[in-house]
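The values are calculated or read from the model by the stated rules, or taken from the named source; none is laboratory data. Because the structure is a prediction, the values reported are computed rather than measured. Glycine also receives a Cβ, built like all others from the backbone with ideal geometry; neighbour counts cover every protein chain displayed. Side chains included, ligands, DNA and RNA excluded: accessible areas come from the protein's heavy atoms. Shrake-Rupley method; radii C 1.70, N 1.55, O 1.52, S 1.80 Å.
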Amino acid sequence: MNIKDTERLLNVRVSANDKEYAWVKNVVSVSAILLGVLISLKDNSKIHSDIESKLFITTIIFFGLCILCGLIFLYADSDTEHRLVKKVIEKEYDLGGSNGLKATFVERRKIFYILRFCFFVSLICSVVSLVAYAIYPEMSF
């Protein structure tokens, strides 16, 4: 692989990371707003069934997890950049000041891959539980 291919691949990776970062940031913002609206519009004067109460609590928990996992996941790029700078500095020091920038790569920590997965799972679960909570009172048993 020549340097142009490597640069092109790096640009694609950076672009994909930027798009994912922006999307997760928007989803976290929308989820936080939905969570706030859901909590503030909760009618405490009305008597709710056990199932409806559990659906509400489940929805709140999944939205909270989605927001928490998303916010921590958004830190992944900053963490990776800090670790890359540290690695480049260590390489420079070990090589006695020669150019240590050659082929210096740092992978994301595994925890961020887990948080990314948890973010998507909790997002799906929060939407499903929100829909279930919204339609449950309308269903007649």
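One residue stands out among those in the range 1-50 that are surrounded by 10 or more Cβ atoms within 10 Å (Cβ to Cβ) and not in a helix (DSSP H, G or I): the one that is modelled with the highest pLDDT, which is S49. Within the option set F105, F120, being modelled with pLDDT under 90 and either closer than 22 Å to L35 by Cβ or open to solvent by 40 Å² or more (accessible area, probe 1.4 Å) (or both) holds for one residue only, F105. Cβ-Cβ distance below 7 Å, separation of 6 or more or different chains: which pairs start in the range 60-77 with a residue that is part of a helix (DSSP H, G or I) and end on one that is among the aromatic types (F, W, Y)? What qualifies is C66/F119; C69/F119; G70/F119; F73/F112; F73/F119; L74/Y21; A76/F112; D77/Y21.
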